[in-house]
Amino acid sequence: MATGSISTAFTGPHQPNALACKHSLPQSWLSITIIHTNFNSPNSSNYPHFSFRSIPDGLSETEASTTDLIAFSMLLNVKCVVPFQDCLAELLGGGDDDDDDDVACLITDAVWYFTQAVADSLKLPRIVLRTNNVCSFNAFAAIPLLYEKGCLPMQELEELALTNLKQQFPIPNFPIGPFHKYFPASSSSLLAQDQTSISWLDKQPPKSVIYVSFGSLVGVNATEFQEIAWGLANSKLPFLWVVRPGLVRGTEWLEPLPKNFLEMLNGRGHIVKWAPQQEVLAHSYVGAFWTHNGWNSTLESICEGVPMICQPCFGDQLVNARYVCDVWRFGLHLEKKLERG
Ligand code: UDP
């Protein structure tokens, strides 16, 4: 290295865009070239001993002004690959036959993770520069272990199940969704959505409301219905309850409800025939969802981070509730007979 030159790539708190540097010392035994992006480019006149090479980062104006720093850094790691590789290849091939111009190694900030593949492809050793402290490095280094121990969520909710499925059914399959965060449900709603759900929610304390809905198919008998009603009344918590016409078998709507039930609760409970469920679950005043665990309801609740009280009735609802409570662990399973206690 004493007679060579170093091509380094780095970023630091003052020059988060700088990629590589080359510095010619008077003795000409070492030179450093900095490869940097146009974005936040360093002032080369402050560093007369270094050579500078600018590469295009290819960012649009919108991309360059994003506030999502993680997404931004990931994007740069994609956009810079080709320009950086070209620039480095030019540096490597640009010298005369004098060994003094060989690039001895590449120094790049850990944030520029794409540079490892470039270094490998050009058979250059790479030194990784970390600009944060050792404590945070150790904490980040523990992340794979935390995944392994199940302390952190897996990338995909059903990743393991998907792997098993592919082994059992070796045919092409294409997981899609969840779509709940992308498309409003109102256009395809089964029944008219009662918007008083939202205006009533607006008046409750934050994270206090139990939202109760058993979807479009589940039915209960009059006794079960009354037990739910008393359970909600006894909870002393505000509740928004979807009682779909026909939910209580053999009745039109609210006939089995105890007399003066809502009046007795002084506005603590609100009953609607059908709610704008996604909007309700996204409302910050909802604290829990008492659900039959239809897959749509389950996903919608997960997407909004609302914990569930699970009351599955049939079919996949039973498996969904088991996973919600015992595997993903964001719900409580009501497994006993429906009783107000
Ligand atoms: N839903 C709604 N308003 C309600 C109750 C339910 O919009 O008052 C919607 C809910 O958002 C979900 C669907 O109806 O998308 C119910 O589907 P799920 O798979 O949970 O249960 P199913 O009706 O198939 O039993």
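The values are calculated or read from the model by the stated rules, or taken from the named source; none is laboratory data. For clarity, every value in this text was computed on a predicted model and none was experimentally measured. Cβ: placed from backbone, ideal geometry, glycine included. Neighbour counts: every protein chain shown.
Tabulated values for the structure
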| read-out | value |
| --- | --- |
| Single residue of the range 190-225 satisfying the filter (assigned to a loop (DSSP other than H, G, I, E, B) and charged (D, E, K, R)) that is surrounded by the most Cβ atoms within 10 Å (Cβ to Cβ) | Asp194 |
| Of all residues in the range 244-264 being charged (D, E, K, R) and in a loop (DSSP other than H, G, I, E, B), the one that is nearest to Tyr211 (Cα to Cα) | Arg244 |
| Where His292 falls short, out of the listed (1) more than 21 Å from Ser199 (Cα to Cα); (2) buried (at least 21 other Cβ atoms within 10 Å of the Cβ); (3) more than 24 Å from the chain's Cα centre (by Cα); (4) more than 10 Å from the ligand (Cβ to nearest atom) | (4) |
| Test: residue in the range 302-309 that is within 16 Å of the ligand (Cβ to nearest atom) and assigned to a strand (DSSP E or B) | yes |
| Contacts under 7 angstrom Cβ, first residue in the range 162-179 being within 21 Å of Ile302 (Cβ to Cβ) and touching a residue at least 12 places away in the same chain (Cβ under 8 Å), partner of a type outside the set (Ser, Thr, Tyr) and part of a loop (DSSP other than H, G, I, E, B), 6 or more apart | Leu162/Glu156; Leu162/Pro175 |
| Among residues of the range 119-141, those that are in contact with a Lys or Arg (Cβ under 7 Å, 6 or more places away or on another chain) and either at pLDDT below 90 or of a type in the set (Lys, Arg) (or both), counted | 1 |
| Among (1) away from the ligand (no atom under 16 Å from the Cβ); (2) in contact with a Gly (Cβ under 6 Å, 6 or more places away or on another chain) - the single one Asn266 does not satisfy | (2) |
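Residue by residue, here is whether (1) touching a Ser or Thr at 6+ places or on another chain (Cβ under 9 Å); (2) polar (S, T, N, Q); (3) closer than 17 Å to Ser213 by Cα holds:
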{"position": "Ser235", "(1), (2), (3)": "no, yes, yes"}
{"position": "Leu240", "(1), (2), (3)": "yes, no, yes"}
{"position": "Ile271", "(1), (2), (3)": "no, no, yes"}
{"position": "Val306", "(1), (2), (3)": "no, no, yes"}
